[in-house]
Amino acid sequence: LKKYNEAIADYTKVISIDPNYADAYNNRGNAYSYLKRYNEAIEDYNKAISIDPNFAMAYKNRGLAYDNLKRYDEEIADYTKAISIDPDFADAYNGRGWVYYLTKKYDKALEDITVALRIMPNDANTLDSRSNVYRELGRYEEAMEDINKAINIKEHPFFYYTRGLNYKAMGETAKARADFKKACDGEEEDACKELKK
């Protein structure tokens, strides 16, 4: 936490020297986001965008802040704007796809996340996103293919949680519990909750 507070102080100094430095506002917004100070982050992203209306990353970052506040319509609008500025912005496609997933618009989610994977085919987080969508669509074989690929790229507790959810949906309880345990051991709280069910 200390380093993010220091970053905020440093970027504030930079902004006092050059109040039209969009990157400084964007980066200070990121530090605020890490500290879960989302409204302050949004203010900084707004300022970065007012200085540089074509700052695709600032739109994407503001979208993430909106996600944490569950302001999904604004989040989708920001990802859409980022994509209109940079049509190859895979993270913006994945982000918008994830919002569609959260709002149960699975076909739109699959479309956006698949575009992101065409741009970055070996991105583990995006493979995880698509695995979740495939599971909700009942396409378990594809869900398992994506999550296994994600785990092979980068072992992360959240990916084991996703695979556990896939196994659970497929009725493979023992395998689900084994993956939930791995995820829980890695401090993935939702996996720990699954183990208590």
Identify all residues within the stretch 71-105 that are part of a helix (DSSP H, G or I), out of contact with any helix residue (DSSP H, G or I) (no Cβ under 7 Å at 6 or more places or on another chain) and not hydrophobic (A, V, I, L, M, F, W, C); write none if there are none.
-> Asp73, Ser84
Any residue in the stretch 14-33 that is in a helix (DSSP H, G or I), out of contact with any strand residue (DSSP E or B) (no Cβ under 7 Å at 6 or more places or on another chain) and within 26 Å of Ala109 (Cα to Cα)?
-> yes
Between residues in the stretch 127-142 that are within 11 Å of Leu165 (Cα to Cα) and in contact (Cβ under 8 Å) with a residue 12 or more places away in the chain and residues that are buried (at least 17 other Cβ atoms within 10 Å of the Cβ) and among the charged types (D, E, K, R), which pairs lie under 7 Å by C-beta distance while being six or more apart or on different chains?
-> Ser131/Asp146
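Table: residues versus (1) exposed (fewer than 15 other Cβ atoms within 10 Å of the Cβ); (2) out of contact with any helix residue (DSSP H, G or I) (no Cβ under 7 Å at 6 or more places or on another chain); (3) touching a residue at least 24 places away in the same chain (Cβ under 8 Å); (4) over 27 Å from Ala77 (Cα atoms).
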position	(1), (2), (3), (4)
Asn5	yes, yes, yes, yes
Val14	no, no, no, yes
Ile17	yes, yes, no, yes
Ala22	no, no, yes, no
Asn26	no, no, yes, no
Gly29	no, no, yes, no
Tyr32	no, no, yes, no
Arg37	no, yes, no, no
Asp44	no, no, no, no
Residue list for the stretch 157-185, restricted to those being farther than 12 Å from Asn132 by Cα and either modelled with pLDDT under 95 or of a type in the set (Lys, Arg) (or both) | Lys168, Lys175, Arg177, Lys181, Lys182
Please verify whether the stretch 151-159 includes one or more residues that are within 19 Å of Asp67 (Cβ to Cβ), β-branched (Val, Ile, Thr) and touching a residue at least 24 places away in the same chain (Cβ under 8 Å).
-> no
Count of the stretch 146-169 residues which are buried (at least 16 other Cβ atoms within 10 Å of the Cβ) and more than 19 Å from Met120 (Cβ to Cβ) = 9
Tally time: how many residues in the stretch 42-97 are under 17 Å from Ile113 (Cα atoms) and either of a type in the set (Lys, Arg) or touching a Pro at 6+ places or on another chain (Cβ under 6 Å) (or both)?
-> 3
Mind checking whether some residue in the stretch 52-70 is surrounded by 20 or more Cβ atoms within 10 Å (Cβ to Cβ) and either outside any helix (DSSP H, G or I) or touching a strand residue (DSSP E or B) at 6+ places or on another chain (Cβ under 6 Å) (or both)?
-> yes
Using beta carbons and a limit of 8 Å, which pairs, at least six apart or on different chains, have the first residue in the stretch 87-100 and under 12 Å from Ser129 (Cα atoms) and among the β-branched types (Val, Ile, Thr) and the second one at pLDDT below 95 and assigned to a helix (DSSP H, G or I)?
-> none
Hey, any hits in the stretch 183-191 for a residue that's in a helix (DSSP H, G or I), closer than 23 Å to Arg71 by Cα and within 18 Å of the chain's Cα centre (by Cα)?
-> yes
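The values are calculated or read from the model by the stated rules, or taken from the named source; none is laboratory data. Being a predicted model, the structure only gives us computed values, none of them experimental. Counting neighbours? That spans all protein chains shown, and the Cβs are built from the backbone with ideal geometry, glycine included.
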